[in-house]
Amino acid sequence: MTNIIVCDDIKIDREKVVKTIRNYMDENDFNYSILEFSDYNNKFIEIVKSELENKIYVLDIETPTRSGIDMARIIRKEDVESPIIFLTGHNELGDLVLTKDINFLAFINKFDNSSARLKRNLKLAMKLLNKRHMLRFNDRGSIYSIECDKILYITTDTVARKTVIVT
C-alpha cells in the first residue's frame with residue numbers, strides 16, 4: 001500500500017490536492033491511503049518517524065508554525081527514499097528549495113496547472129517506489145542500502161557473531 005501524506009494549511013487547496021490524488025490512484029487501481037494535515041504538528045512528525053512503507057509526501061512550504069522546507073530536512077533525516085513533492089503558491093521559493101540539499105521530486109506552483117503536474121509527478125513517484133526493493137541497515141551510525149536482487153544469500157558468522165551478506 002502507498003501512503004500519501006498531504007500537508008496544506010488552506011483547506012480548499014488541501015481538498016483539491018486530495019481529490020487529484022484520489023482520481024489518479026483510483027484510475028490506476030493503486031492501493032493507497034491519504035493522511036491529511038493542516039500543519040506540521042507532532043502527529044505529522046510521528047508519521048514521518050513511523051514504520052509506514054511506501055510514503056509519498058506532498059508538502060506546502062508555508063504553514064502557520066513551520067516551513068515545509070524545514071520539514072523536508074526532518075523527513076530526510078528519517079527517510080532518504082520517500083518522494084517529496086512541494087506544492088505551494090510561493091513560486092519565488094523555488095531557488096531556495098534547490099539550495100537546501102533535500103532531494104525532492106518536484107516543485108509545483110499551485111496556480112500553474114497544478115492538478116496535471118501533480119498527476120505526472122505521482123506517476124513518477126509510484127515508479128520510484130515500485131523500483132526500490134532494498135535492504136537497508138544501520139551499522140555504527142552509517143546507513144547501508146543493498147539492492148535485494150544483488151543479494152545472493154545472507155548467513156551468520158557464528159565465531160564473530162555477525163551477519164554476512166553475500167552479493
(request) Only residues that are at pLDDT 75 or above, among the charged types (D, E, K, R) and either touching a Gly at 6+ places or on another chain (Cβ under 6 Å) or assigned to a helix (DSSP H, G or I) (or both): list them for the range 126-155, please. (result) LYS127, LYS150
(message) ARG66 - would you say it is at pLDDT below 95 and either surrounded by fewer than 20 Cβ atoms within 10 Å (Cβ to Cβ) or not basic (Lys, Arg) (or both)?
(response) yes
(request) Kindly list the number of the only condition in (1) assigned to a loop (DSSP other than H, G, I, E, B); (2) farther than 24 Å from ASN113 by Cα; (3) in contact (Cβ under 8 Å) with a residue 24 or more places away in the chain that fails for GLU51. (result) (3)
(message) All but one of (1) at pLDDT 85 or above; (2) open to solvent by less than 40 Å² (accessible area, probe 1.4 Å); (3) polar (S, T, N, Q) hold for THR88; state the number of the condition that does not hold.
(response) (1)
(request) Determine whether the range 21-39 contains at least one residue that is among the charged types (D, E, K, R), under 17 Å from LYS123 (Cβ atoms), open to solvent by 40 Å² or more (accessible area, probe 1.4 Å) and part of a loop (DSSP other than H, G, I, E, B). (result) yes
(request) Just give me the residues in the range 117-167 being aliphatic (A, V, I, L, M) and touching a helix residue (DSSP H, G or I) at 6+ places or on another chain (Cβ under 9 Å), in sequence order. (result) LEU118, LEU122, MET126, MET134, LEU135
(request) Kindly establish whether ASP8 is at pLDDT 90 or above and open to solvent by 60 Å² or more (accessible area, probe 1.4 Å). (result) no
(request) Could you pull out the residue among VAL6, VAL58 that is in contact (Cβ under 8 Å) with a residue 60 or more places away in the chain and in contact with a Leu (Cβ under 8 Å, 6 or more places away or on another chain)? (result) VAL58
(message) The conditions are (1) part of a loop (DSSP other than H, G, I, E, B); (2) at pLDDT 85 or above, and ARG73 fails exactly one of them. Which is it?
(response) (1)
(message) Out of everything in the range 91-123 that is of a type in the set (A, V, I, L, M) and more than 18 Å from the chain's Cα centre (by Cα), what residue ends up being modelled with the highest pLDDT?
(response) ALA116
(request) State the number of residues belonging to the range 145-167 that are under 14 Å from LEU135 (Cα atoms) and either β-branched (Val, Ile, Thr) or over 30 Å from the mean Cα position of the chain (by Cα) (or both). (result) 8
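The values are calculated or read from the model by the stated rules, or taken from the named source; none is laboratory data. From a predicted model like this one, the values you see are computed outputs, not experimental measurements. Note that we place each Cβ from the backbone using ideal geometry, even for glycine, and neighbour counts take in every protein chain shown. Side chains included, ligands, DNA and RNA excluded: accessible areas come from the protein's heavy atoms. Shrake-Rupley method; radii C 1.70, N 1.55, O 1.52, S 1.80 Å.
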